[in-house]
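Okay, structure first, notes after.
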Amino acid sequence: MLIQYEKGSSLLHRYDPLSKLVILFCTAVIAMLLDQAWQQAVFLLLCIGQARYAGHMSGRQLLGGIRLIAIVAVPYFILTSLTVQGETVWLQWGSVSVTIEALNAAGAMTLRMFTLFLTSMAYIITTDPRELVAELTRRLRVPYRFAFGISAALTFIPLLEEEGNHILDAQQVRGHRPPKGLGSRISYGLKFVSAVLLNALRRVQQTAGAMESKGFGAYPDRTYRTEVNIPSWAAVSAVIYVLATVWLWWIV
């Protein structure tokens, strides 16, 4: 699945990048504060609903993001459930025991991973990288070299994913069969990653050459074609979200 900006007219698309970034940061703080699995589950459902209805993200995109982070989250849940100590035994199998406390801790941390990933994905999909760079340099006075690095990362990651899909399609056209066995899979994976990285280096060299020819970095400041206005309602909602986060931090 490609995680990149998509034009739209949803509520999240109408937010300016900075107000939305503040809300994203507060969401991450709230996810870190909640230490119960049921609290994380409720918060995750709220974030999914926000991405679905306020960001107009499709169910396919959300399921794709869940599957992507599940590759890391599910093994992490299993490992944490078996290693964290607790008092209330839920399952005993020989010398291996799983406690209620371990399941709660593993569930909370795993659901937190889903929340952080899906909210970040929603931010990327609904935020124009050009507007983000312009606002970081104009309003936060971030050096435009650093801001451009953020924009380049948001742009190159989807390109690398698309490049990987092209490589897979080319192999299928040539009649390449999926590898069988652990050794063959590892060898195939290393070759595939090497091909993607080589294409990435080629793209980086092309981009660096284009930037150098245009005099990027020759002046302390630069001009922007993008004009971003911060809606009053977006700023107010960001302030409310910050206050709610501080209040939750206080009571928790």
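Under the 0.36 nm per residue contour assumption, what length would be gained going from the current alpha-carbon distance of A70 and I150 to full extension? Don't skip to the end; give the middle numbers.
Details: separation 80, 0.36 × 80 = 28.80 nm, distance 2.53 nm.
Here the segment from A70 to I150 would lengthen by 26.3 nm.
Here Rg and Dmax of the Cα atoms in Å was calculated from the structure, and among [x] 21.8, 75; [y] 22.1, 68; [z] 18.8, 56 it sits at label [y]. Ranking Q206, T245, T110 by Cα position along the charge dipole of the chain, where only Lys, Arg, Asp and Glu carry charges on their C-beta atoms, puts Q206 farthest toward the positive end. Spacing of the modelled spin labels on V96 and V239, each 7 Å from Cα toward Cβ, amounts to 5.5 nm. Considering only alpha-carbon pairs that sit under 8 angstrom and 6 or more positions apart, the relative contact order computed for the chain is 31 percent.
Order 62-74, 118-130, 167-179 from most to least packed using the mean count of other Cβ atoms within 10 Å. Display every interim value, and only then the final one.
Numbers: 62-74: 14.8, 118-130: 20.4, 167-179: 10.5.
Ranking, from highest mean packing down: 118-130, 62-74, 167-179.
The smallest convex shape that holds all Cα atoms of region 69-164, its convex hull, gives 145 Å³ per residue. Between Q205 and W247, the distance separating the two model label sites (each 7 Å from Cα on the Cα→Cβ line) works out to 5.7 nm.
Each reported figure results from applying straightforward, stated rules to the coordinates on display, with no laboratory input. Computed from a predicted structure; not experimentally measured. Every residue, glycine among them, receives a Cβ derived from its backbone with ideal geometry; neighbour counts consider all protein chains shown.
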